[in-house]
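Colleague: Dropping a structure here in structure tokens format, bear with me for questions.
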Amino acid sequence: MTPGRASPHLAEWAGLALLVLSLAPLPFTPAAALGGWLCAFVLASGILLGGLLFLALTWIIPGRWQACVEAEARLLAVLTPWLPVLAIPLLAGLSRLYPWTSGDTLTGFKAVYLSPVFFSLRLVAILVFAALLSLRMALKPGRAVAVAGSIGFVLLDSLLATDLIQSLDPNFHSSGFGLYILALQMLTAFAAMLLLRLRQPSDGDVSLTGALFLTLLLCWPYFFFMQYFILWSGNLPPGAAWFARRGVGLWGVAETLLAALRLLPAFLLLFTPIRSSRNWLKGIAAVTLLASLVEIGWLILPEIDGPAWLGFGCFLMAAAGGALAAPLARRLFAWGRTERMRA
């Protein structure tokens, strides 16, 4: 094996090592380790599921925009079948993450809905649906499949956001939370696709790509502020307490940093020369992914019973490990598909 070919495989093995290391604190501070893994899972699922939805939309909405995302969306969507595997540590450690697992404080429908068995069944069912949809879009795509899949996807993705993130505080409720997380997923997935696309020389319409990016960046503050405004103006105690926990100390700093990392790129993309520059788009895409790291940590870690700094460190290790190991996961998927076709 030549050195040039050994290097990518070394990076993949390093990625797998980082994934394992991110769970190393599990015997000592299980909540922090699992909280970091939950953050990484939300990030990974957001990118992959966002790519899957973009792929489905290319079959539904015609136009020049399809060429800006289709190839990269396909690269992300084929990794979706790995999500059930990545969810195993979460299913094994539910009691360390979610206070409702004891069932002591819940009554009525909430006691049934937020039961460990029903939660696990929903999570597995949603991830299996996404995996099957990605396989169908990869093997036998079509407009009818894309339309039906997109409708089911949006409905189930809202349940996924409620279960994984919102239920960390069983007293918190926001009817717009699912749409907000969907906007976050689409924005994060587009930033990842943009970095993949801009790695290669292309004659594509860079200004159109920049316009799509601007649209997604402008959707995010609308959905983010909508739920904040409704909950805070209504003076609902659980909602106000949820936001108050994220507005003090280091989380308050993270909140300010998040606003800057989201709004400044949107402002810059208003200018045509920046929107049409490959280098500017690369930088803004990288900043957008950084903002998503901050945002997901801000959403999840204040509810975790463990050192926040350790949870965020585990999150960063798992996120970096997943990014490095992604080519290996994609090759394994391609190998498995080839073997099935031979059989």
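Colleague: Given that compact globular proteins tend to follow 2.2 N^0.38 Å, what is the ratio of the alpha-carbon Rg of the range 10-132 to that value?
Modeller: 1.29
Colleague: Is it possible to state the helix-based mean residue ellipticity at 222 nm for the chain, with each DSSP H run of 4+ residues giving -39500 (n - 2.57), the sum divided by total residues, to the nearest 500 deg cm²/dmol? What is it?
Modeller: -26000 deg cm²/dmol
Colleague: Which value, in Å³ per residue, describes the convex hull spanned by the Cα atoms of the range 191-343?
Modeller: 173
Colleague: If you put +1 on each Lys and Arg Cβ and -1 on each Asp and Glu Cβ, how big is the dipole of the chain around its Cα centre, in Debye rounded to 20?
Modeller: 960
Colleague: Can you give the accessible area of ILE61 in Å² (nearest 10), computed on protein heavy atoms with a 1.4 Å probe?
Modeller: It works out to around 80 Å².
Colleague: Given points 7 Å out from each Cα along the Cα-Cβ axis, report the VAL20 to ASP305 separation in nanometres with one decimal.
Modeller: Using points 7 Å along Cα→Cβ, the separation is 3.0 nm.
Colleague: If you don't mind, there's one more thing I want to ask. Suppose we look only past 16 Å in the calculated P(r) of the range 148-236. What percent of the Cα-Cα pairs does that tail hold?
Modeller: When every Cα pair of the range 148-236 is considered, 64 percent fall beyond 16 Å.
Colleague: Sticking with this structure for a sec: Given a 1.4 angstrom probe, I'd like the percentage of the accessible area of the chain that is carbon and sulfur, rounded to a whole number.
Modeller: Whole-percent figure for carbon plus sulfur exposure: 72.
Colleague: Give me the 1.4 Å probe accessible area per residue for the chain, excluding ligands and nucleic acids, in Å².
Modeller: Accessible area per residue, the chain: 47 Å².
Colleague: Right, here's the next one. Hey, what D do you get for the range 99-185 in µm²/s if you plug the Kirkwood alpha-carbon radius into Stokes-Einstein at 10 °C and 1.306 mPa s?
Modeller: Answer from the Stokes-Einstein relation: 111 µm²/s.
Colleague: To continue, here is another question. Could you put ASP163, ASP205 in order of accessible surface area, largest first, with the 1.4 Å probe and the full protein assembly present?
Modeller: Accessible-area ranking of ASP163, ASP205, largest first: ASP205, ASP163.
Colleague: Picking from LEU316, THR209, LEU261, whose Cα lies most toward the positive end of the charge dipole for the range 209-343 (charges on Cβ: Lys, Arg +1; Asp, Glu -1)?
Modeller: THR209
Colleague: Taking every pair of alpha-carbon atoms in the chain, give the share separated by more than 38 Å as a whole percent.
Modeller: 14
The values are calculated or read from the model by the stated rules, or taken from the named source; none is laboratory data. All values reported here derive from a predicted model rather than from experimental measurement. Cβ atoms come from the backbone with ideal geometry, glycine included; neighbour counts cover every protein chain shown. When the accessible area is computed, the model is the full protein with side chains, heavy atoms only, and any ligands, DNA or RNA have been set aside. Shrake-Rupley method; radii C 1.70, N 1.55, O 1.52, S 1.80 Å.
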